[in-house]
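**Q** Take this structure first; my questions come after.
The values are calculated or read from the model by the stated rules, or taken from the named source; none is laboratory data. What you see is a predicted model; the values in this text were computed from it and never measured. Please note: Cβ atoms are built from the backbone with ideal geometry, for glycine as well, and neighbour counts cover all protein chains shown. The area values use the complete protein model at the heavy-atom level, side chains included, leaving out ligands, DNA and RNA. Shrake-Rupley method; radii C 1.70, N 1.55, O 1.52, S 1.80 Å.
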Amino acid sequence: MAEETEEMRREMERMETKEGGTAAGRVDGCEAVRTEVAAQAEDEEKEKKKMMKKAAKEAKKLAAIAKKKAKEEELKSNVGKDNAKKQAAKEAAERKKAEKEAEAKEIQRLIEIAKATPKGVKKSMSEKMEKGYHPQLVEAAWYDWWEGCGYFQAEPASDKPKFVMVIPPPNVTGTLHLGHALTDSIQDALARWKRMSGYEVLWLPGTDHAGIATQTVVEKKLAREQQISRHDIGRENFLKEVYKYVDDYGGRICRQMRRLGCSLDWSRERFTMDKQLSMAVGEAFVRLHSEGLIYRENRLVNWDCTLKTAISDIEVDYIDIPGRTMLKVPGYSEPVEFGCLTSFAYQIEDGNGEIVVATTRIETMLGDTAVAVHPEDERYAQLHGKFVIHPFSGRRLPIITDAILVDMSFGTGAVKITPAHDPNDFATGKRHGLEFINVFTDEGVINEHGGMFEGQKRFETRLTVVEALKEKGLYRGMQDNPMRLGLCSRSKDVIEPMLKPQWWVNCTDMAAEACKAVRDGDLKIIPREFEATWFRWLENIRDWCISRQLWWGHRIPAYYVILDGEESKAGKPGTTAELVDHWVSGRTQEEAEAKAKELFPGRSFRLEQDEDVLDTWFSSGLFPFSTLGWPTATKDMDAFYPNTLLETGHDILFFWVARMVMMGMKLTGKIPFSTVYLHSMVRDAHGRKMSKSLGNVIDPVQVIEGITLDELHATLHTGNLDPKEIARATEGQKADFPNGIPECGTDALRMTLLAYTSQARDVNLDINRVVAYRHWCNKLWNAIRFAMINLGDNFEPPSLLDFSQAPMECRWILSRLNAATMQVSKALSDYAFSDATTALYNFWQYELCDVFIELMKPTLAREDSEESSLQKRLTRETLWCCLENGLRLLHPFMPYVTEELWQRLPKSDATSRLDSLVIAPFPQENTSLQDEVAEEEMRILDAVVRVARSIRSNYGLTKQRPSLYLLSRAERVGEIVSRNSTVITTLSSSSEVVVVDDASKIPSGCAVEIVNESSSVYLLLTGVINPAEECAKMEKKINAIQEQVSALQGKFAAPGYEAKVPEWLQKENQEKLQRLVAEQESAKIALAEIQKLV
């Protein structure tokens, strides 16, 4: 600024000199210059500020650009890092996938090698032990070797005690279902246990010809493939087709039984249509017929109009009809109405009034032969002995009195009587000598006795009869009527009671003998609750219809005698017109001819063999002795009869078991077995009966091998379900098996079924439990792997085991092994399979794996010294002893995995002489192993460990190892804990154990729980957890649980919940709510404990 002022002065001087102006002028000029300079300076200042502002703005802009660029670089760097992470993760996943694929290929290679083992050759154990359990690999080749070695064959000349069972013969063309799997698992467990226990075991296999089932399948096959019926090709050719079908498919179920590991004596396999068994059937029929116990008579049977045969009571399923209901019936395009009571009037013969009756089967009125009233019913007293007129046939129907049949308070008190089509009416007809008129053909069509209705189907007539009654003014109305309707379990047709001449067995005296056998204790039924069922059935037994109108089966060895010149009088055999006293029986036709000559001396005749076959249950009733050679006196019959045990489901106690007992006692003079064990019925996880329409039917092979959900859906299309049922079943499969069924293997399935078997009526099978046992197999596998690693290649089991100097944990586990041995043996003796599996699981899981193997690790990790070397040797020997004996105990339940693992264990001098676990002795009680002191000490230690684990759980401790303080006022407890502190630290994940007798010696910051009245456990948590963080986590957990609770409670409160939601699902929801509430309560307690540390 000073420079500028000097410049202005000089400029003024120049102007003054140049212009020579006056002073005033010079002053004015100077002022102007000053103004101009000031303005210029101001402009320059403004420009400067403007430039500075612009520079600042530019700098800001550049800074923003730089920041943005930095962000972009950072983002780019992060993206790069993320991409790198993703790439690394992707590569890791691909490596893992490749490793898995390689592992799967390797396992498959090993499976193929194992499967390629020649039958009868022992499976190679040269391959290294895989890291995990693979069912297919483990199960391959063992069964063929067992069978090839003859381990399952029984020797009649053996001096060993005998144990004999026959398998309940499954249908020859059937497939394995869970009922079979349960039966087979139970029986094989018993057979293997007895075989290992020194018995000569005969478990005899066989299949049943299954008359109706097999014939129906073949008839459908012929119709589908060749569009012909059995009648088109005749009986002989049809039977050839059946035998061909049996040859093609008959071995399937036996192969599946092998797959389940069933140790059956296949050298004695039987088929009920074998020559020997067929001879036994003929012998039984002829003997019983000769004694008058089998007789011919016209009686009512359960007639199936679709199959055109009589069926047994067990083949009839009953459904409850609440009222008017439309049902689909085979052979009818439109649904048929049931559950209606139709009333109509019969006119009194003299024209003086009417009598109203009612029926749920109006079509049967065509066969009415009487009307019954109660003798004490004054309303009808004036009608006793009079007649009514049938409105369509004109028959005179007597009005009879019957106090047994008629209930005066029901309906009108008058009852129509149709003796040929109703069981109660049949008995009434017999009492009163009424006429028996059958109005149906075998196909269920009205016959010639139906008059104007002849040729109509029975349920079409149900409508036309009502219309005809209306036309005659005799119809009196219709009302709902709850009822039970019988359906054939195979065809689903409505059962029609029909009058047929059939062969019957008089069971009265045989049933009385069977009852006496149970009362006298000669026959034992387990569970005992079924004795009441036994007595109820047998004491009220009815004669048994053994005729079946089939071609496949044992043709009845009875012949109808047609005398020369009396062909028309004799009537056609098999019709109600036949002469029931013109029948003879014979093992051969020659024997029958000889009997006919005795019956009709001097008469000429011809014989016609009965076209019918015997009820399948007749041949099955002979199974315990016909399979051993009866009626021939064979070595097997002498050695193995009577059998020891009959094991089956309680649903066939009467239909099969009772008949075996009756026929065995009658024909052999001996009770066929001394004990009957009845197992439970298999239902789904929700307690529902297995049904294809529910989608809950499970093929055991699907559980063994695994199956996807789509494959499960596909199985629904192989049956006879309609589209609606398929849709329902599909939804059921989605709900129960959303991810399909994983591969579980045979051993896991068997163990699960046996674990469920506790002599209860039902087994509610949850597939998740099978999966859990499959994981348990992996636990066993890893236990043996651990042993193989820690025993070492040079380990040799000692010939004599002396554990007196062994560590406490060794003496304890050996004592527990002895206890498990006693528990399993007793449970098997008592048929308490659930108790046996529980004892085995507890020993292997909770005692051997969870405790002993964990306690081994610090022992084996010690530095070598004279003392530690001894402890290590005894520990290894203890482990080997427990594994070797534990596998023997487990073998009857899980044969495959135990054989595989046992073969890999080092062998002692004794075990080296045994080729297979199948023939290894079952462990016996060994009192020298019992150690009460060690068990008591471990109980004390376990109590401390449990409390410590509880504290750890409450505070969410996982990897942390806090100090543990035991406050104990019991000196002995303190001494035991101090001496075995390693047990505590190992099992409770504690860093140290300090025993004190005064609470003042325990530092602050501990969580505490009481063990018992004299001891408490303290875990030092100071510095181990962050109380504030743990509180936040626990509160979050409590809130999450509350959301689930509220959601469930909202469902319960929804309108129509109880009516719309299935009962099983409501039960599941309630159980889930209870679990959530309990979990929430535990979380709240834990939160309260943690808050104490804040």
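**Q** Show which lysines lie in cross-link reach of K97 when reach means a straight Cα distance below 21 angstrom and same-chain residues fewer than eight apart are skipped.
**A** Cα-Cα hits under 21 Å: K85, K86, K105, K131.
**Q** May I ask which of K220/K275; K872/K959; K734/K1060; K959/K1072; K61/K81; K128/K779 have a Cα-Cα span longer than 21 Å here?
**A** With Cα atoms farther than 21 Å apart: K220/K275; K872/K959; K959/K1072; K61/K81.
**Q** Right, here's the next one. If R0 is 45 Å, what FRET efficiency do you get for S991 and V933 from their C-beta distance, rounded to 0.05?
**A** 0.95
**Q** Go through 312-323, 523-534, 161-172 and give me the packing order, highest mean Cβ count within 10 Å leading.
**A** Descending packing order for the listed peptides: 161-172, 523-534, 312-323.
**Q** Non-local amide H neighbours of M681 (under 5 Å, H modeled in plane, Pro and chain starts lacking H): which ones?
**A** Answer set, sorted by chain and number: D762, V763.
**Q** Can you tell me how much longer the chain between T508 and S804 gets when fully stretched, taken as 0.36 nm per residue apart minus their C-alpha distance, in nm with one decimal?
**A** This chain segment gains 100.0 nm when fully extended.
**Q** List the GluC sites (Glu not before Pro) within the range 896-925 that DSSP assigns to loop and that have no more than 16 neighbouring Cβ atoms inside 10 Å.
**A** In loop regions of the range 896-925 (DSSP not H, G, I, E or B), the sparsely surrounded GluC sites (Glu not before Pro) are E925.
**Q** Please arrange R606, R548 by accessible surface area, largest first, computed with a 1.4 Å probe and ligands excluded.
**A** Largest accessible area first, the list is R606, R548.
**Q** Given the -39500 (n - 2.57) contribution per DSSP H run of 4+ residues, what per-residue ellipticity at 222 nm results for the chain, rounded to the nearest 500 deg cm²/dmol?
**A** About -15500 deg cm²/dmol.
**Q** Now for a different question. Rank-order 436-448, 874-886 by packing density, defined as the average count of other C-beta atoms within 10 Å over each peptide's residues, highest first.
**A** Ranking the peptides 436-448, 874-886 by packing returns 874-886, 436-448.
**Q** Just in the range 214-268: which chymotrypsin sites (Phe, Trp or Tyr not before Pro) are loop by DSSP and have at most 12 other Cβ atoms within 10 Å?
**A** none
**Q** Towards the positive end of the charge dipole of the chain, with charges on Cβ (+1 Lys, Arg; -1 Asp, Glu), say which of G444, V580, A729 has the farthest Cα.
**A** Selected residue: A729.
**Q** Please state the relative contact order of the chain as a whole percent: Cα pairs under 8 Å, 6+ residues apart?
**A** 10
**Q** Could you tell me how far the Cα centroid of the range 832-871 sits from the Cα centroid of the range 253-270, in Å?
**A** 37
**Q** Next question, about the same structure. Each label point is 7 Å from the Cα along the Cα-to-Cβ direction; what then is the distance between the points at A56 and D998, in nm?
**A** 7.7
**Q** Work out the FRET efficiency for T576 and K492 from their Cβ-Cβ distance, taking R0 = 41 Å, and round it to the nearest 0.05.
**A** With a Förster radius of 41 Å, E is 0.90.
**Q** Can you check what the net charge comes to around S988, using other residues whose Cβ is under 14 Å from the Cβ of S988 (Lys, Arg +1; Asp, Glu -1)?
**A** So the surrounding residues net to 0.
**Q** Work out from phi, with θ = phi - 60° and the Karplus expression 6.51 cos²θ - 1.76 cosθ + 1.60, the ³J(HN,Hα) of each residue of the range 802-812, listed in order in whole Hz, and give x for Gly and Pro.
**A** Whole-Hz 3J(HN,Hα) from phi for the range 802-812: 10, 10, 5, 9, 6, x, 4, 5, 5, 5, 5.
**Q** On the protein heavy atoms, probe 1.4 angstrom, tell me the percent of accessible surface of the chain carried by carbon and sulfur.
**A** It is 50 percent, rounded to a whole number.
**Q** Hey, another quick one. Which value, in debye to the nearest 20, describes the size of the charge dipole of the chain about its Cα centre when Lys and Arg Cβ atoms bear +1, Asp and Glu Cβ atoms bear -1, and nothing else is charged?
**A** 1640
**Q** Fully extended, how many nm does the chain gain between K76 and A910 (0.36 nm per residue separation, minus their Cα-Cα distance)?
**A** Extra length from K76 to A910 when fully extended: 293.1 nm.
**Q** Pull out a ≥ b ≥ c, the square roots of the eigenvalues of the alpha-carbon gyration tensor of the range 38-165, then state rounded if a/c is under 1.5, prolate if not and a/b is larger than b/c, and oblate in the remaining case.
**A** prolate
**Q** Also: Can you tell me the relative contact order of the range 1028-1091? Whole percent, Cα pairs under 8 Å, sequence separation 6 or more.
**A** It rounds to 62 percent for the range 1028-1091.
**Q** Which trypsin sites (Lys or Arg not before Pro) from the range 924-988 combine a DSSP loop assignment with at most 11 other Cβ atoms within 10 Å?
**A** Sites meeting the loop and neighbour criteria: K959.
**Q** So, one more: Using the crude model of +1 on Lys and Arg Cβ and -1 on Asp and Glu Cβ, and no other charge, please compute the dipole size for the range 106-222 relative to its Cα centre, in debye to 20.
**A** Its charge dipole is roughly 140 debye.
**Q** Provide the FRET efficiency to the nearest 0.05 for the Q153-K244 pair, computing r from the beta carbons and using R0 = 35 Å.
**A** 0.70
**Q** Shifting gears a bit: Given points 7 Å out from each Cα along the Cα-Cβ axis, report the E590 to E539 separation in nanometres with one decimal.
**A** Placing both labels 7 Å beyond Cα along the Cβ direction yields 5.0 nm.
**Q** Once both labels are modelled 7 Å past Cα along the beta-carbon direction, what's the K524-I1085 spacing in nm?
**A** 4.4
**Q** HN-Hα J couplings of the range 341-351 from phi, Karplus 6.51/-1.76/1.60, θ = phi - 60°, integer Hz, Gly and Pro as x?
**A** My calculation for the range 341-351 gives 9, 9, 9, 8, 10, 9, 7, 5, 4, 7, x Hz in order.
**Q** Please say if the range 1028-1091 is rounded, prolate or oblate, where rounded means a/c under 1.5 for a ≥ b ≥ c the square roots of the C-alpha gyration tensor eigenvalues, and otherwise the choice is prolate for a/b larger than b/c and oblate otherwise?
**A** Note, shape of the range 1028-1091 comes out prolate.
**Q** Assuming 0.36 nm per residue, please report the length gained on full extension of the stretch E1029 to E269 beyond their Cα-Cα distance.
**A** Using 0.36 nm per residue and subtracting the Cα-Cα distance, I get 266.6 nm.
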